[in-house]
């Protein structure tokens, strides 16, 4: 079992340099690792370094760096050559959510790395137990689910597949401290992990309210922003119940449970969006309407908000962590 | 129809001076109204003024006040005499969630006020259509659901009952601008309104994860804090989908919908909490364990966090409001 004493000296690999992969590279660099970044698509090579530089500059602006941006870039190798992964203690796969493509990528990673390397997928859609069948040492395979931008969020979900050796998952959880995360560890490979389960329960209910004409999309968004948004960064849903009172909560739960949406099929509006190739703020076609200017304003607001909420979250750390209690 | 030109000059009433009623009084005072606060329980009279003074001082500390605390207190009458409500344009009922008790309170309010007074309930558990049957002018009755602390959140949910005249609801929504709110308007009286529907969908899923042993309570809370908590104050769930991409969202929704909890009965843990009279941080018995010191730390953290998140939310206003689009 590896330890985290000299954790910064570990070399880590990232395969896939899209939006998510790029920001995971930045998170690893900021944590002090040397990073081998493999571009499975030649086209990713073109923009990767300048994109990573830009995100490092964002990190610098937010006072996350302890050295100049160029010093971090010195620690980064961007390549199409999988064999450079041979020294990595951990390789993070971040390619698109397609089992066939991931299978090809895993076989290339496995041929390059040593037998002690941990391989992790950033998937949030495919069960870890399915993916780990595609590698030669499934006990060393697990899920590490980041949220965007990876270098400026505290979220990290570590998930074991059926065959994962739990001690590797615990090693990752420990390392995640170095990455500035507040990790959760899911020992069972449930579909959607924790966060997607919770969020998609909200989506199901919100979509039902819209579909039934009970509320507008704007009002659903507003209610959630200004109610949940006023406490959620401080405390989760169970702690919130300890604030509101258990008797009242039980009463409201009992009256609302039978009213909640139980649909098993997604409302038509989602297929309509796919059919018209809506990519939201990225192509200004989405659930809401955007002018190019508005789309840019939203992107800028999100970048700025990330920084603000990241600092705010840091001010209110978890007083209790389940990992310490184990 | 009343207008909001001289909105500050309106006199408003609040009946019920518990936690919520007290902080609604503070919100009205800060907005510039003269407030008649009626204590249905003599015991509420004792602490009410000092509690309101303390909250005004909190507002002063957060730079919400434009005059000294005492000037606001000059605008406040605390009484057990319902007849002092006779000049009020709006009376806000904030007593406990019990139809019989509310019925008694409404009859006292109705005998005191003029025929043009709007009567509103802060209920989040009882349908507005049920409550409005208890007053003499049901078309002037509606729901105004605040969140705690009322003077330092942007959330406000205005709900029409079956018999509510929509123009009064729109008048309240307009007034809510003066109160510093981002109101939503629910024209149909659905159980749980918007925010409880969304939140209790999360609770149902979270409780199921715990009940099935899939995740710990701590990890559910952490995942939600650090994932949803990293964007929710900026944008709601539908806007978030426009950020993540509609095609991917549709794919994940489709795979997760059939896995979500559809239970209609509340897990046993909630009844256990009620049986052992757990009141969470208020009596240090709850879903989590607390020492008196920890309970106090949580209360202080929440008061401080309120202020921080309120300011952060103010920095990122809603660029689109559905009300303006109507």
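Values in this text are rule-based calculations from the coordinates and carry no lab data. The model shown is predicted, which means the values in this text are computed figures rather than measured ones. All Cβ positions, even for glycine, are placed from backbone atoms using ideal geometry, and neighbour counts span all protein chains on display.
Observations, loosely collected:
- Take residue A:315, move 7 Å from Cα toward the beta carbon, and the resulting point lies 0.9 nm from the same point in each other copy, nearest first.
- Per-residue mean of C-beta atoms belonging to partner chains within 10 Å, peptide B:94-101: 1
- When the alpha carbon gyration tensor of the stretch B:191-326 is reduced to an equivalent ellipsoid, the three semi-axes, largest first, read 29, 24, 15 Å.
- Among B:192, B:177, B:245: highest mean-square fluctuation, GNM of chain B, C-alpha pairs under 10 Å: B:245
- Most mobile of A:179, A:231, A:146 in a GNM of chain A (Cα contacts under 10 Å): A:231
- Per-copy distances of the residue B:162 label point, shortest first, in nm (7 angstrom along Cα→Cβ): 5.3
- Spin-label pair residue A:114/residue B:49, simplified geometry with 7 Å Cα→Cβ offset, distance in nm: 7.6 nm
- For residue A:283, label point 7 Å along C-beta direction: distances to other copies, nm: 5.8
- The mean number of partner chain beta-carbon atoms within 10 angstrom of a residue's beta-carbon across peptide A:176-184 is 2.
- Cα long-axis angle, helix A:19-31 against chain A (0 to 90 degrees, to the nearest 10): 60 degrees
- Convex hull volume per residue in cubic angstrom - Cα atoms of the stretch A:46-191: 117 Å³
- Relative contact order [Cα under 8 Å, 6+ residues apart], the stretch A:7-191, whole percent: 21 percent
- Spatial separation of Cα centroids for the stretch B:50-77 and the stretch B:181-260, in angstrom: 36 Å
- Alpha-carbon radius of gyration plus Dmax, which is the widest Cα pair, for the protein assembly as shown in Å: 26.2, 84
- Averaged over the residues of peptide A:270-283, the number of Cβ atoms from other protein chains lying within 10 Å of each residue's Cβ is 5.
- Cα long-axis angle, helix B:193-211 against chain B (0 to 90 degrees, to the nearest 10): 40 degrees
- Relative packing of peptides B:263-272, B:37-46 - highest average C-beta neighbours within 10 Å first: B:37-46, B:263-272
- Folded to 0 to 90 degrees: helix A:217-226 orientation relative to chain A principal axis, Cα: 70 degrees
- For the stretch A:135-280, averaging the sequence separation of C-alpha pairs within contact (under 8 Å, six or more residues apart) and dividing by the residue count gives a relative contact order of 15 percent.
- Antiparallel %, DSSP beta bridges [both residues in chain B], to 5: 20 percent
- Relative contact order %, chain A, counting alpha carbon pairs below 8 Å whose residues are six or more apart: 13 percent
- Extending 7 Å from the Cα toward the beta-carbon at both residue B:70 and residue B:212 defines two label points whose distance is 6.2 nm.
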